[in-house]
Amino acid sequence: MERKIRYRDLPEEEKQIYWQKLWQNGDTEFHLFQAHPDLVKYEDKLLKEKCRVFLPLCGKAVDLKYLAAKGHEVVGNEYCEEAILQFFDDQGIEYEKSQHPTAPYEIFRATDKKITIYKGDYFGLNSSIVGKFDAIWDRGSFVAIDPSCRQQYADIIYDIMNTNGKYLLYSVEYEGNISTSPYNVTAQDLDVIYGKNFDFSVLETYETAYFNFVHLPVAIVSLIFLKSKK
């Protein structure tokens with residue numbers, strides 16, 4: 001399936017096939033082969049000693065292993081099984097696979113219990129399934145979902161956060177329009193979606209050509225630091 005197809009117009013079943021093929025074919029230019037530099041830069045602000053951390057739509061992010069090596073309990077959510085299998089294989093981590101007893105999620109858990117990935121739909125998650133978290137690192141998840149789903153997305157984040165939980169959000173803004181993610185996020189969007197339940201501030205903004213692979217030559221990345229109002 002070619003990237004030129006407008007992803008937002010695909011039926012749900014075809015979206016699953018789309019992602020499976022991207023991972024199988026290695027058409028994943030968004031993947032980094034090291035811990036994300038923005039996470040490394042701001043981890044001391046986001047994380048306390050040995051906290052529980054969630055990475056939504058984690059793919060096979062090296063960040064999972066990076067955070068686990070720091071002593072944190074790391075939990076990810078990923079839609080595509082191929083990405084999960086590649087993560088454990090690439091990182092040389094042994095794992096066990098099980099079925100959640102009450103929810104439609106397969107659970108991939110490292111045998112040392114430091115990393116757990118829930119395979120399934122992010123929008124079905126809640127705190128009774130994955131528990132509560134002290135910190136959330138959102139690199140490429142919020143900007144990947146359809147804009148019509150943003151409020152539901154943010155409500156789930158709020159539900160799974162502990163009191164005074166911290167949330168580092170990677171946001172992208174640009175001129176023009178593209179047919180796939182990352183979707184444009186303005187300051188007004190952030191205030192509407194997150195303002196009710198979170199206090200937030202901009203840690204940093206910078207210009208990037210990282211998204212050239214989706215024909216987006218220039219974008220402005222903002223690192224947003226949010227704290228739950230619980």
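When N164 is tested against (1) part of a strand (DSSP E or B); (2) modelled with pLDDT of 95 or more, only condition (2) is not met. Selection of segment 152-161 for residues being open to solvent by 10 Å² or more (accessible area, probe 1.4 Å) and more than 21 Å from I107 (Cβ to Cβ) yields Q152, D155, Y158.
Hey, could you check segment 123-134 for residues that are of a type outside the set (A, V, I, L, M) and open to solvent by 10 Å² or more (accessible area, probe 1.4 Å) and say which is farthest from the chain's Cα centre (by Cα)? Across segment 123-134, the extreme among qualifying residues is S128. Taken over segment 56-94, the criterion of being part of a strand (DSSP E or B) and under 26 Å from E29 (Cα atoms) is satisfied by V74, V75, G76, N77, E78. Regarding segment 135-151, can at least one residue be identified that is touching a Phe, Trp or Tyr at 6+ places or on another chain (Cβ under 6 Å), surrounded by fewer than 18 Cβ atoms within 10 Å (Cβ to Cβ) and assigned to a helix (DSSP H, G or I)? Checked segment 135-151: at least one residue is touching a Phe, Trp or Tyr at 6+ places or on another chain (Cβ under 6 Å), surrounded by fewer than 18 Cβ atoms within 10 Å (Cβ to Cβ) and assigned to a helix (DSSP H, G or I). Look through T208, T186, T163 and report the one residue that is touching a residue at least 60 places away in the same chain (Cβ under 8 Å) and of a type outside the set (D, E, K, R). Only one candidate passes the filter, namely T163. When H36 is tested against (1) closer than 25 Å to Y210 by Cα; (2) in contact with a strand residue (DSSP E or B) (Cβ under 9 Å, 6 or more places away or on another chain); (3) at pLDDT below 95, exactly one condition is not met: (3). Restricting attention to segment 119-132, the residues that are under 14 Å from R52 (Cβ atoms) and of a type in the set (F, W, Y) add up to 0. When every residue of segment 44-57 is checked against the conditions, at least one turns out to be at pLDDT 95 or above, surrounded by fewer than 14 Cβ atoms within 10 Å (Cβ to Cβ) and over 26 Å from R150 (Cα atoms). Take the residues of segment 96-145 that are among the β-branched types (V, I, T) and farther than 19 Å from Q86 by Cβ: which is modelled with the lowest pLDDT? Residue satisfying both the conditions and the ranking: I145. Here E204, E175 are screened, and the one residue that is open to solvent by 30 Å² or more (accessible area, probe 1.4 Å), at pLDDT below 95 and of a type in the set (D, E) is E175.
The values are calculated or read from the model by the stated rules, or taken from the named source; none is laboratory data. These figures come from a predicted structure and were not determined experimentally. As a convention, Cβ positions derive from the backbone with ideal geometry for all residues, glycine included, and neighbour counts pool all protein chains shown. These accessible areas exclude ligands, DNA and RNA; they are computed on the full protein's heavy atoms, side chains included. Shrake-Rupley method; radii C 1.70, N 1.55, O 1.52, S 1.80 Å.
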